Amino acid sequence: MPCATMVARCAMTTTNKLVTAEELLGMAGSKYLELYDGELRTASPANMQHGSIAVQIAMLLQMYAGPRKLGRAVVEGGYVLKRNPDTVLGPDVSFVVQARIPVGGFLAKFFEGCPDLAVEIISPTNPRREILEKMRRYQESGTALGWLADPVAETVEIFRPQGNVEKLGKNDVISGEAVVAGFSCAVAEFFA
């Protein structure tokens with residue numbers, strides 16, 4: 001679908017009716033789309049630093065979890081956090097524990113439910129308040145662990161369901177806690 005048609009379709013959809021997760025899955029275009037209570041939100045594609053950090057974090061998680069069959073790391077996968085109206089968010093990196101992955105692997109659709117670990121990376125195009133809103137929505141939907149990586153400060157804030165937030169510096173060690181049991185590395189490795 002040409003970009004002009006896609007933009008017109010998105011504008012029409014947001015003004016006339018709420019969009020479902022299935023309708024969102026069928027949309028394609030030059031902008032990254034997420035769904036908040038049935039309403040589309042667009043964002044610019046990630047910059048190269050952002051994308052590189054996302055791949056690094058996903059790789060570290062998968063290299064540890066894969067051989068141990070603990071689950072799968074995903075880059076920008078979509079999660080249906082809520083239905084009627086639908087909310088579909090795509091963390092920069094996420095992790096789903098093995099017991100929640102369908103037999104045969106992930107399907108070619110959005111995952112029904114929240115990620116067990118949601119990782120967001122701060123970038124100039126994503127204001128902090130928007131990222132904190134996403135973290136809140138992940139936690140409200142049942143996400144057990146959230147990491148907010150800041151490439152400028154080389155820090156990671158850890159979000160847990162109890163509401164406490166812990167900030168780690170690049171010389172600290174981050175843990176997968178109960179979600180990715182046994183995983184740990186220096187925060188600096190996220191930004192290497």
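Going by what's in this entry, would Leu89 be described as under 19 Å from Leu132 (Cα atoms) and assigned by TED's automatic domain parsing to the domain that holds Ala149? Full working, then the answer.
On the way: under 19 Å from Leu132 (Cα atoms): yes; assigned by TED's automatic domain parsing to the domain that holds Ala149: yes.
Yes: the conditions hold for Leu89.
Residues that are part of a loop (DSSP other than H, G, I, E, B), modelled with pLDDT of 75 or more and charged (D, E, K, R) do not occur anywhere in region 21-30.
Please determine whether any residue of region 67-81 is farther than 23 Å from Ala21 by Cβ and among the hydroxyl-bearing types (Ser, Thr, Tyr). Working first, answer last.
Going through region 67-81, the residues farther than 23 Å from Ala21 by Cβ turn out to be 67-70.
Narrowing the set further to residues that are among the hydroxyl-bearing types (Ser, Thr, Tyr) leaves none.
No.
So, in region 128-182, how many residues would count as being polar (S, T, N, Q), touching a residue at least 12 places away in the same chain (Cβ under 8 Å) and surrounded by 13 or more Cβ atoms within 10 Å (Cβ to Cβ)? Walk me through it before giving the result.
So in region 128-182, the residues polar (S, T, N, Q) come out as 139, 141, 143, 155, 162, 164, 171, 175.
Applying the additional criterion that residues be touching a residue at least 12 places away in the same chain (Cβ under 8 Å) yields 139, 141, 143, 155, 171.
Then keep just the ones that are surrounded by 13 or more Cβ atoms within 10 Å (Cβ to Cβ); that gives 139, 141, 143, 155.
The total comes to 4.
Going by the structure shown, is Met59 over 22 Å from Met135 (Cα atoms) and either assigned to a helix (DSSP H, G or I) or in the same structural domain as Glu34 (by TED's automatic domain parsing) (or both)?
On the way: over 22 Å from Met135 (Cα atoms): no; either assigned to a helix (DSSP H, G or I) or in the same structural domain as Glu34 (by TED's automatic domain parsing) (or both): yes.
No, not satisfied.
The values are calculated or read from the model by the stated rules, or taken from the named source; none is laboratory data. Here the structure is a predicted model, which means the values were calculated and not measured. Quick reminder, even Gly has a Cβ in these numbers, built from the backbone with ideal geometry, and neighbours come from all protein chains shown.
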